[in-house]
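To keep things clear, I will list the structure first and then write my remarks on it.
The values are calculated or read from the model by the stated rules, or taken from the named source; none is laboratory data. Everything quoted here is computed from the prediction, not taken from an experiment. For neighbour counting, all protein chains shown are included, and Cβ atoms are generated from backbone atoms with ideal geometry for every residue, glycine included. In case anyone asks, the SASA skips ligands and DNA or RNA and just uses the protein heavy atoms, side chains included. Shrake-Rupley method; radii C 1.70, N 1.55, O 1.52, S 1.80 Å.
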Amino acid sequence: MPANPHTAPSPQAHQAENRAIEALYADVVRRNRGETEFHQAVHEVLETLAPVLARRPELADARIVERVCEPERQLMFRVPWTDDAGAIHVNRGFRVEFSSALGPYKGGLRFHPSVDLGIVKFLGFEQIFKNALTGLSIGGGKGGSDFDPKGRSDAEIMRFCQSFMTELYRHIGEHTDVPAGDIGVGGREIGYLFGQYKRITNRHESGVLTGKGLGWGGARVRTEATGYGCVLFTEEMLRARGESLDGCRVVVSGSGNVAVYAIEKAQQLGATVLTCSDSSGYVVDEKGIDLDLLKEVKEVRRGRIAEYAELRGAHVRFVAAGAEGSSVWSVPCDVALPCATQNELTETDAVALVRGGVKAVAEGANMPTTPEAVRVFQEAGVAFGPGKAANAGGVATSALEMQQNASRDSWTFARTEERLAGIMRHIHESCATTAERYGRPGNYVVGANIAGFELVADAMLAQGLV
Ligand code: GLU
């Protein structure tokens, strides 16, 4: 595999381990043909692991890396449903139960036309290490469907969710596998999924799904948690360099749940957020994004970002996707938070951001930065927080929701937010100290991969060959 000079060890170091890892990666590619995002996610972790295997030969002996790259179980199923006109549609449903070494499989469901097995496996693989980093007892999994919710009525969404759960219910449970939301799956969808699970099983099993409504087992801060956590992680990275978000110009991509609450927390910490985007384009608001208006447009009306520009006033620039300069990353800033989707920030974008003076980048989305772009940031000395660490606040707060469900308790917003802040500080600390322990200070990619991997690997060793 092509070595990344900033994450891979020097050519002389750990030669045997590097060769073993290369062979292993080639095997993953061969056995999971065409699953490019999965290959990318595996490559990005594996290329940082040679020094771990060199220090800890027992992990190589137990073939931990091979085992962690192979999902414990992969489910694919038919999801038939009827639209409002009575026409029949058939979608494909997925749940990849990747690792239960640390706890029940845990991870979201994504409803988006791009979803296929490779996408679900990349997300599930990332989720293993992300969940480990939270320090809470959750394994890794992911699921979803190639269903496109765009333009669908509430009744259609409900029928789809019911059909999806009619198959999924037999595979999940509070101690087995606990799905939640991701792109295209929010509070509304979790409600319909939970209702159908309850109906089929005749159990009000709160802990089977997270991201529930506050009145029926949901946790405060869960909605805000991924975005808030991403900004708290950014603040920690800046603090480690003697800086802070106060007064920073921030560029955010996306306008879904992660982006909205990243904007909210960045503004609370004194930053000016200039942008947000959706698949139709992006807006630049030099006065700072008006969050109430953004929430109204995206969450209430489920509208497009151009509407924000129209309603906000003449000073706002809307740039349509595909137009000249149509990358949100061409806007100069101090901090960039990619909060939309995978591989949205390319090498060209990274070069533009570095030229514009960016100091820190944190991934609110899963794998939004291409490997080439990560390299540009690391070479330029930009603090780069990978999603496994930076966006772990969402799933961490899901684990807090599970705790509350198990004890039939409900915590205040302040108490939950304090826990979230503590968890994000802990993740930053463990990434930073692990990177240092492996001679790569400031490299959060190395820190996150190794810290997450070691936790999972130790549990796998202890639990024997299963
Ligand atoms: N989909 C979110 C993630 O990528 C959250 C998963 C969860 O809460 O289980 O981490």
Within region 345-367, track down each residue that is open to solvent by 40 Å² or more (accessible area, probe 1.4 Å) and within 23 Å of the chain's Cα centre (by Cα). THR346, GLU347, THR348, LYS359
Can you find even one residue in region 410-422 that is in contact with a Gly (Cβ under 9 Å, 6 or more places away or on another chain) and within 26 Å of VAL42 (Cβ to Cβ)? no
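Do you know which of the residues in region 254-312 that are acidic (Asp, Glu) and touching a Ser or Thr at 6+ places or on another chain (Cβ under 9 Å) is farthest from SER327 (Cα to Cα)? Write out each step before concluding.
First, the residues of region 254-312 that are acidic (Asp, Glu): 264, 278, 285-286, 290, 292, 296, 299, 307, 310.
Next cut, touching a Ser or Thr at 6+ places or on another chain (Cβ under 9 Å) only: 278, 285-286.
Details: ASP278: 11, ASP285: 15, GLU286: 17 Å.
Checked region 254-312; the qualifying residue farthest from SER327 (Cα to Cα) is GLU286.
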Name every residue in region 362-375 that is within 16 Å of the ligand (Cβ to nearest atom) and either of a type in the set (Gly, Ala, Ser) or part of a strand (DSSP E or B) (or both), in order of residue number. ALA362, GLY364, ALA365, THR369
Single unsatisfied condition, SER206 versus (1) within 14 Å of the ligand (Cβ to nearest atom); (2) touching a Phe, Trp or Tyr at 6+ places or on another chain (Cβ under 8 Å): (1)
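Going by the conditions given, is GLN378 assigned to a loop (DSSP other than H, G, I, E, B), under 19 Å from HIS43 (Cβ atoms) and either within 16 Å of the ligand (Cβ to nearest atom) or open to solvent by 10 Å² or more (accessible area, probe 1.4 Å) (or both)? Quick ask: steps written out before the conclusion?
On the way: assigned to a loop (DSSP other than H, G, I, E, B): no; under 19 Å from HIS43 (Cβ atoms): yes; either within 16 Å of the ligand (Cβ to nearest atom) or open to solvent by 10 Å² or more (accessible area, probe 1.4 Å) (or both): yes.
Criteria not met by GLN378.
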Counting only residues in region 409-436 that are of a type in the set (Lys, Arg) and in contact (Cβ under 8 Å) with a residue 12 or more places away in the chain, the one most open to solvent (accessible area, probe 1.4 Å) is identified as ARG425
Residue check: is ARG78 touching a residue at least 60 places away in the same chain (Cβ under 8 Å), away from the ligand (no atom under 11 Å from the Cβ), part of a helix (DSSP H, G or I) and open to solvent by 10 Å² or more (accessible area, probe 1.4 Å)? no
It is to be established whether one or more residues within region 290-302 are part of a loop (DSSP other than H, G, I, E, B) and at pLDDT 95 or above. yes
Selection over region 381-394 where residues are surrounded by 24 or more Cβ atoms within 10 Å (Cβ to Cβ) and more than 21 Å from ASN343 (Cβ to Cβ) yields a count of 1
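Matching residues to (1) closer than 28 Å to PRO113 by Cα; (2) at pLDDT below 95; (3) not in a helix (DSSP H, G or I):
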| residue | (1), (2), (3) |
| --- | --- |
| HIS204 | no, no, yes |
| THR210 | yes, no, yes |
| GLY218 | yes, no, yes |
| THR223 | yes, no, no |
| TYR228 | yes, no, no |
| GLU243 | no, no, yes |
| SER255 | yes, no, yes |
Filtering region 122-165 down to residues that are in contact with a Pro (Cβ under 7 Å, 6 or more places away or on another chain) and outside any loop (DSSP other than H, G, I, E, B), which residue is farthest from GLY195 (Cα to Cα)? GLY124
Does region 115-124 include one or more residues that are open to solvent by 10 Å² or more (accessible area, probe 1.4 Å), away from the ligand (no atom under 12 Å from the Cβ) and of a type in the set (Lys, Arg)? no
What pairs can you find where one residue is in region 378-398 and farther than 17 Å from GLY124 by Cβ, the other is modelled with pLDDT under 95 and more than 9 Å from the ligand (Cβ to nearest atom), and their Cβ atoms are less than 7 Å apart, with a gap of 6+ or different chains? GLN378/HIS6; GLU379/HIS6
